[in-house]
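S.K.: Take a look at the following structure, please.
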There are 2 protein chains.
Amino acid sequence: MESRTASGKTAKASDLNARIIFIKPVAMQKLSMEELNRKSVEEFKRSEKTPVIAVLENIRSAYNVGSVFRTADAFLLEAIYITGYTALPGHKEIKKTALGAEESVEWKHFTNAAAAIESLKADGYKVYAVEQVVGSLMLQKVEFTSEEKIAVILGNEVTGVEQDTIALCDGCIEIPQLGMKHSLNIATAAGVVLWEIIRTRINN
Amino acid sequence: MESRTASGKTAKASDLNARIIFIKPVAMQKLSMEELNRKSVEEFKRSEKTPVIAVLENIRSAYNVGSVFRTADAFLLEAIYITGYTALPGHKEIKKTALGAEESVEWKHFTNAAAAIESLKADGYKVYAVEQVVGSLMLQKVEFTSEEKIAVILGNEVTGVEQDTIALCDGCIEIPQLGMKHSLNIATAAGVVLWEIIRTRINN
């Protein structure tokens, strides 16, 4: 018995490889927008959030801010705390990279990171700076539990999290970096650290 | 015995909390460029890489390409395979976000993803598309081992990885997304998936 595979090759029913090629395109069909079954803005606002907050300190690029909003939406973060001169939603470059996530994700503005940390600590959050310091915790070694309230501070693209801000934190988290450069893009760094926090909660 | 803490409060030597506050700013001092001890371009090129390759398919934004180069440098990837109309190093927007990582990280150009996949399979790589499909593997469930040669394909910002390309892959990896939007920024998605692959290798 012979049949035609998706790639147009003739395949025998006894030929396992050919049959796998035949089945694959159906099994790995991309999901449609409906099948992805995402939340509306209203559903998002009503849903129970993950008690994780990203704090942005003096982020220079509004594109980066927008990307963090998109990540915060995907991981259902409690909020984004925007501090210092970081651009606020409404900025057209945030709109361009957030693609609407700035409408769903809660955010608050604080004059500086110290004010945000004070509020976070009062609310029972453990506050970590994402920074390379003496005694920082390597990301893969931090044992996040699924109930903790956690805030992570991401600093300026060039100068990182301010030393004065670090002094107010419960600790610093470092993404191991093995290459030539000294840092990741901040939206990428935010994605990596937030994923590491979220993965534990999804697993449970 | 009393002493002054960094915050100006009076502390007794017997007061453990106060003493911790006093020590913190010193313990969490940011590392200098020298202390970060990053590799030079030559050292990077000589060092043993992680057998992990990122494949970029029809990426529209050269800024995103540059960010992936930076991530590939940080995680010491074997190479980046650039396919379709994705911009190549030399492009000024790649330079702007790669910050020199396009000089250290190896890259190859292929006319299309199919050609890249053929080459990867011949070299013994397992090839995954990062895409939301019927039967995709949730990122936190994939059990990456520390020896596997792995390639991950990241697709166009709007249309994702091509269905024809997906059909040639060993599987699809999906980043769980709980919010309103349907996707992460591609540089962020690359960071999250590459970190998940790399973390296992760093732990071992």
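The values are calculated or read from the model by the stated rules, or taken from the named source; none is laboratory data. Computed from a predicted structure; not experimentally measured. Glycine also receives a Cβ, built like all others from the backbone with ideal geometry; neighbour counts cover every protein chain displayed. For accessibility, only protein heavy atoms count, side chains too; no ligands or nucleic acids. Shrake-Rupley method; radii C 1.70, N 1.55, O 1.52, S 1.80 Å.
S.K.: Restricting the search to the range B:1-36, which residues are open to solvent by 50 Å² or more (accessible area, probe 1.4 Å), in a loop (DSSP other than H, G, I, E, B) and modelled with pLDDT under 80?
M.R.: B:MET1, B:ALA6, B:SER7, B:LYS9, B:SER14, B:ASP15
S.K.: Would you check which residues across the range A:58-78 are open to solvent by 10 Å² or more (accessible area, probe 1.4 Å) and in a strand (DSSP E or B) and list them?
M.R.: Scanning the range A:58-78 gives a single hit, A:GLU78.
S.K.: Which of the residues belonging to the range B:178-195 are within 7 Å of chain A (Cβ to nearest Cβ) and modelled with pLDDT of 90 or more? Reasoning before the result, please.
M.R.: Step one: filter the range B:178-195 for residues within 7 Å of chain A (Cβ to nearest Cβ), giving B:178-182, B:184-185, B:187-188, B:191-192, B:195.
Listed by number, the residues that qualify are B:LEU184, B:ASN185, B:ALA187, B:THR188, B:GLY191, B:VAL192, B:TRP195.
S.K.: Restricting the range B:147-172 to residues that are open to solvent by less than 40 Å² (accessible area, probe 1.4 Å) and within 21 Å of B:PHE75 (Cα to Cα), which is farthest from the chain's Cα centre (by Cα)?
M.R.: Looking at the filtered set, the residue picked out is B:GLY155.
S.K.: Can we say A:LEU184 is open to solvent by less than 20 Å² (accessible area, probe 1.4 Å) and touching a residue at least 24 places away in the same chain (Cβ under 8 Å)?
M.R.: So A:LEU184 does not fit the description; no.
S.K.: Continuing with this model, one more query. Whether any residue in the range A:96-109 is free of Cβ contacts under 8 Å to residues at least 40 places away in the same chain, aliphatic (A, V, I, L, M), open to solvent by 20 Å² or more (accessible area, probe 1.4 Å) and at the interface with chain B (Cβ under 10 Å from one of its Cβ atoms) is what I want to check.
M.R.: Scanning the range A:96-109 turns up at least one residue that is free of Cβ contacts under 8 Å to residues at least 40 places away in the same chain, aliphatic (A, V, I, L, M), open to solvent by 20 Å² or more (accessible area, probe 1.4 Å) and at the interface with chain B (Cβ under 10 Å from one of its Cβ atoms).
S.K.: Filter the range B:136-146 down to residues that are open to solvent by 70 Å² or more (accessible area, probe 1.4 Å) and over 8 Å from B:ILE173 (Cβ atoms) and give me whichever is farthest from the other protein chains (Cβ to nearest Cβ). Steps first, answer last, please.
M.R.: Residues of the range B:136-146 that are open to solvent by 70 Å² or more (accessible area, probe 1.4 Å), as a first pass: B:137, B:141, B:143.
Filter once more, so that each one left must be over 8 Å from B:ILE173 (Cβ atoms): B:141, B:143.
Numbers: B:LYS141: 8, B:GLU143: 12 Å.
Per the stated criteria, the residue is B:GLU143.
S.K.: Against the condition assigned to a helix (DSSP H, G or I) and modelled with pLDDT of 95 or more, how does B:LYS108 come out, does it pass?
M.R.: no
S.K.: Please indicate, with yes or no, whether at least one residue in the range B:68-80 is under 21 Å from B:PRO51 (Cβ atoms) and over 15 Å from the mean Cα position of the chain (by Cα).
M.R.: First pass over the range B:68-80, keeping only residues under 21 Å from B:PRO51 (Cβ atoms): B:68-80.
Narrowing further to those that are over 15 Å from the mean Cα position of the chain (by Cα): none.
Checked the range B:68-80: no residue is under 21 Å from B:PRO51 (Cβ atoms) and over 15 Å from the mean Cα position of the chain (by Cα).
S.K.: Of all residues in the range A:37-57 being surrounded by fewer than 22 Cβ atoms within 10 Å (Cβ to Cβ) and part of a strand (DSSP E or B), which is farthest from the other protein chains (Cβ to nearest Cβ)? Break it down into steps so the answer makes sense when it comes.
M.R.: Our first condition is that a residue be surrounded by fewer than 22 Cβ atoms within 10 Å (Cβ to Cβ); within the range A:37-57, this holds for A:37-51.
Next, from what is left, pick out any that are part of a strand (DSSP E or B): A:50-51.
Working: A:THR50: 8, A:PRO51: 14 Å.
Among those residues, the one meeting the criterion is A:PRO51.
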